[in-house]
Amino acid sequence: MSPLSATGELVINRTFEAPRDLVWKAWIQPEHFARWFGPRGSSMPSCRMEARPGGEIFFCHHFEGGLAAFGGEKDIWIQGRYLEVVRPERLVFSIYFSDKDGHVVERAGFSRESRVEVTFREKGRQTEVAIRQTGLKADQGESEGWKQGLDRLEELLKSREGES
């Protein structure tokens, strides 16, 4: 069953065995974000992030075998803007499909834009992350994509133990 509500809201919570500052950096530094954000089997060959209000987020999910939901396309471009950045507690950004030049791409069955709110709560040496994505028409893989991406984030954080 999808965690998507009738109002198009997807809420996911995860606790990581890592300090909040390290988890925060994994969300705002492109070299780290590109290593975990997205479902298994995807890579991120291009990632630009300017984590400040009004700053851009622009990246490409690459699927070597193509993505069936998108007619076998290998490169899915996503662009957006940071709306709030409160270090190291909260990120809010909008995202939408685009082409490699940053022009909006409409995708059948998908909302034109969604909004992602992420909060980071320190719990000793753990960090509780709450994600709220709104503006979705349906769950077309977003919940599974988040789950797999957060699994990848957990693996990245374990490999970076001792950093902060």
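Some notes on this structure:
- Nearest-0.05 FRET efficiency for Glu155 and Val104, computed from C-beta distance (R0 25 Å): 0.15
- Ordering 88-97, 18-27 by mean Cβ neighbour count within 10 Å, with the highest value first, yields 18-27, 88-97.
- P(r) for the chain, from all Cα pairs and a bin width of 5 Å, is 2, 9, 17, 23, 23, 16, 7, 3, 1, 0 %, short bins first.
- Given charges at beta-carbon only (K, R positive; D, E negative), |dipole| of the chain in Debye: 260 debye
- Per residue, the average separation of C-alpha pairs within less than 8 Å and at least 6 apart gives the chain a relative contact order of 29 percent.
- Spatially proximal lysines relative to Lys100 (Cα-Cα < 28 Å; intrachain offsets below 8 disregarded): Lys25, Lys74, Lys137, Lys147
- Model label sites at Glu122 and Gln140, defined 7 Å from Cα along the beta-carbon direction, differ in position by 4.0 nm.
Each value in this text was obtained by applying a stated rule to the coordinates, not by laboratory testing. These numbers come from a predicted model, not from an experiment. FYI the Cβ positions are ideal-geometry reconstructions off the backbone, even for glycines, and counts take in every protein chain you see.
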